[in-house]
Amino acid sequence: MAAFIDWFNAAAPTGKRPLRALAEKALAQGAGQPSLTALSLLIQQRHKAYYSQLEAANKGLKVDDWLDWFSALVRAAQAHTLSWLEFLMKKTRLLDRLRGKLNTRQEKTLLRLFREGPEGFHGGLSASNYVALTGTSAATAGRDLLQLVALGALRRTDRLIGQYSLIW
């Protein structure tokens, strides 16, 4: 027990070896292998609910509600992680397939789209977005976008306003 307390204190945010994700560490250790979940991220995003649930569980002897809430959080973290892994694999495959076929503007635009992660580029990509992003002319933007469609990187999602999205 003394060793655990030493480790726990050292892992505190102000300790010698800070560790944010104690729950992730405990889950990984219990599974006997490293964990690839975004549990600490989701706890951080839902910190008010997390502390509220902890406080409620701490006030009584019944922890069923806490366990239900926390297990749902763990499942959400796993789903989040799987979504990111799938996104990263698709991104890698697409960039590998397009290697050597893109100009600098096209590459910059695709990397900007990828920065948004699995949720995608909000508002869609348009020729005017492309112009603003790359500093090119509208005519060049049109040609670049058409080439990205021909290469199978983008698809046109709205012909009237000329919006594009990634092809997966």
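The values are calculated or read from the model by the stated rules, or taken from the named source; none is laboratory data. The model shown is predicted, which means the values in this text are computed figures rather than measured ones. Note that we place each Cβ from the backbone using ideal geometry, even for glycine, and neighbour counts take in every protein chain shown.
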What number goes with the only condition from (1) surrounded by 11 or more Cβ atoms within 10 Å (Cβ to Cβ); (2) out of contact with any helix residue (DSSP H, G or I) (no Cβ under 9 Å at 6 or more places or on another chain); (3) farther than 21 Å from Ser83 by Cα that Gly124 does not pass?
(3)
In this structure, is Lys48 loosely packed, with under 11 Cβ neighbours inside 10 Å, assigned to a helix (DSSP H, G or I) and at pLDDT 90 or above?
yes
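Every residue, every condition in (1) in a loop (DSSP other than H, G, I, E, B); (2) aromatic (Phe, Trp, Tyr); (3) modelled with pLDDT of 70 or more, yes or no:
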position: Thr14; (1), (2), (3): yes, no, yes
position: Pro18; (1), (2), (3): yes, no, no
position: Lys25; (1), (2), (3): no, no, no
position: Gln29; (1), (2), (3): no, no, no
position: Ser35; (1), (2), (3): yes, no, no
position: Leu41; (1), (2), (3): no, no, yes
position: Gln53; (1), (2), (3): no, no, yes
position: Ala56; (1), (2), (3): no, no, yes
Does Ala139 fit the bill of being loosely packed, with under 14 Cβ neighbours inside 10 Å, over 30 Å from Ile43 (Cβ atoms) and at pLDDT 90 or above?
yes
When residues of segment 82-118 are limited to those that are in a helix (DSSP H, G or I) and of a type in the set (Asp, Glu), the one surrounded by the most Cβ atoms within 10 Å (Cβ to Cβ):
Glu107
How many of the residues making up segment 127-166 are closer than 19 Å to Phe87 by Cβ and either acidic (Asp, Glu) or touching a residue at least 24 places away in the same chain (Cβ under 8 Å) (or both)?
8
